[in-house]
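> Structure provided below as structure tokens; questions to follow.
Each reported figure results from applying straightforward, stated rules to the coordinates on display, with no laboratory input. Computed from a predicted structure; not experimentally measured. Glycine also receives a Cβ, built like all others from the backbone with ideal geometry; neighbour counts cover every protein chain displayed.
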Amino acid sequence: MSEQNQFVETLRWRDGRLEMIDQRVLPARFEYLAYTSAAQTAEGIRSMVVRGAPAIGCAAAYGVALDALRLRNASPADFVAEMDKAFDVLAASRPTAVNLFWALKRMRTVWDAVKEQSVGAIAERLLAEAHEVTAEDIRINRAMGAFGAELLSDGACVLTHCNAGSLATAGHGTALGVFRSAVEAGKKISVIADETRPFLQGARLTAWEMVQEKIPVTLITDNMAGFMMSKGEIDAVVVGTDRVAANGDVANKIGTYMVAVLARRHNIPFYVACPLSTIDMGIASGMDIPIEERSADEVKGFLDTLWAAEGVKIRNPAFDVTPAELVTGLITEKGVILQPNREKLVSLFSGNQLDDTILEPRGLS
Ligand code: MRU
């Protein structure tokens, strides 16, 4: 990990509190906010202090631990009742990223396994699990990065949409982790960052991360991607994801579908960096993935600046779905699943030895 990447700790545990970088004010200000309860953490997720699927999962795990620690002197009955509320408030914070629900399920399983122990011991166990969810995320991102880096040729110019970097994870990033790993492997790559309207994760977060690490980055507005592709200026697309359905359809930041269609039109490979925790085998197709609708204010303007006519009707779906047929490969911590489909994902989760034709860790020919 580069020195700068080690420095950017999206979430950290300090003095019994969860601290998270306030991503709403980056890059103008770099500051941490402190959280002491599940309800506060849920509000931090909802209001986008922390965002990005894996980071949301880590925050939710810490949210559970915070309430368990807060209730460590409660009676067992009160502990159960209050903890159920903690799980509910966290589950209601954002609907699309499955990592949130994955992390809550993991925390509940851990609690079940030690439920006969004292409340204090349960709380300590839940905190240890939150630390492990976070540490594991960085290990997974490094494994994905190594597989993904092999897909990029030396000198490649890669487009990404939104922010799937250190800020969206516990560290290293998923899509940006692929770029970091490629650079660490000695490849000279450059990044095109889509601005990512309306919340500007590309302009504010991806560009900032890349500039910090001196990875060459060029910022474009979302509507410039087609032009750049038509000029032959983009060699590959790598994005993150919030949820992959059992048939390989990919939900990611609004605008990703547009990029995938353009990539297919121009014969550019379109990869999705996707930890296994982001694959939801309980959802048959992308049509069934819940898509968050956010406030109209995000589209009307930014901070104090208003640019849309008062009274205009506004839509603000925060994610879209890219059909599996447009996905060249899912980069997971186990390898790259080329042309993902239901059969391949079922095999992946079957626990059986994986077929070499499904997993191509050495990359594309
Ligand atoms: O609304 P956000 O900022 O939480 O959306 C984030 C994304 O869409 C990311 O691409 C996705 O969560 C993957 S992050 C590794």
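> Mind pulling the angle between the C-alpha long axis of helix 53-70 and the longest principal axis of the chain? Nearest 10 degrees, somewhere in 0 to 90.
Taking the Cα atoms of the chain, the angle to 53-70 is about 10 degrees.
> Taking the Cα atoms only, what angle lies between the long axis of helix 98-113 and the longest principal axis of the chain, rounded to 10 degrees?
30 degrees
> Let me ask another. Which order do the peptides 67-73, 210-216 come out in when sorted by mean C-beta neighbours inside 10 angstrom, highest first? Display every interim value, and only then the final one.
Details: 67-73: 18.7, 210-216: 16.4.
The packing order, highest mean first, is 67-73, 210-216.
> What full-extension length gain, to one decimal in nm, is calculated for MET287 and SER118 as 0.36 nm per residue of separation minus the Cα-Cα distance? Each step should come with its number before you reach the end.
Working: separation 169, 0.36 × 169 = 60.84 nm, distance 4.38 nm.
Value of the extension gain: 56.5 nm.
> Tell me whether the range 146-350 comes out rounded, prolate or oblate; compute the Cα gyration tensor, take square roots of the eigenvalues as a ≥ b ≥ c, and use a/c under 1.5 as the rounded threshold. All intermediate terms of the calculation are to be shown ahead of the outcome.
Working: a/c = 1.67, a/b = 1.15, b/c = 1.45.
Taking the square roots of the gyration eigenvalues as a ≥ b ≥ c, the range 146-350 is oblate.
> Between the range 195-268 and the range 11-73, what is the separation of their alpha carbon centroids in Å?
Each part's Cα centre sits 27 Å from the other's.
> Among THR305, THR41, THR206, whose mean-square fluctuation peaks in a Gaussian network model of the chain (Cα, cutoff 10 Å)?
Ranking THR305, THR41, THR206 by mean-square fluctuation puts THR305 first.
> What ranking do 103-114, 43-54 get when scored by the average of other Cβ atoms within 10 Å per residue, highest first? It would help to have the intermediate numbers written out before the result.
On the way: 103-114: 17.2, 43-54: 22.8.
The packing order, highest mean first, is 43-54, 103-114.
> In the chain, what percentage of the DSSP-assigned beta bridges are antiparallel, given to the nearest 5?
Working: 22 of 40 bridges.
Here the share of antiparallel DSSP bridges comes out near 55 percent.
> Just order 253-259, 198-204, 310-316, 266-272 by mean Cβ neighbour count inside 10 Å, highest at the front, would you? Can you show the working numbers first?
Details: 253-259: 23.6, 198-204: 21.9, 310-316: 8.9, 266-272: 19.6.
Descending packing order for the listed peptides: 253-259, 198-204, 266-272, 310-316.
> With springs only between Cα atoms under 10 Å apart, run a GNM on the chain and tell me which of VAL346, VAL89, VAL178 wobbles the most.
VAL346
> Enumerate the whole-percent occupancy of each 20 Å bin, from 0 to the last occupied one, for all C-alpha pair distances of the chain.
31, 58, 11, 0
> Between 0 and 90 degrees, rounded to the nearest ten: what's the tilt of helix 175-184 against the longest Cα principal axis of the chain?
70 degrees
> How high is the relative contact order of the chain, in percent, with contacts defined as C-alpha pairs under 8 Å that are six or more residues apart?
Details: 751 pairs, mean separation 55.8, N = 365.
That works out to 15 percent.
> Calculate for the chain the 222 nm mean residue ellipticity that helices alone would give, adding -39,500 (n - 2.57) per DSSP H run of length 4 or more and normalising by residue count, nearest 500 deg cm²/dmol.
-11500 deg cm²/dmol
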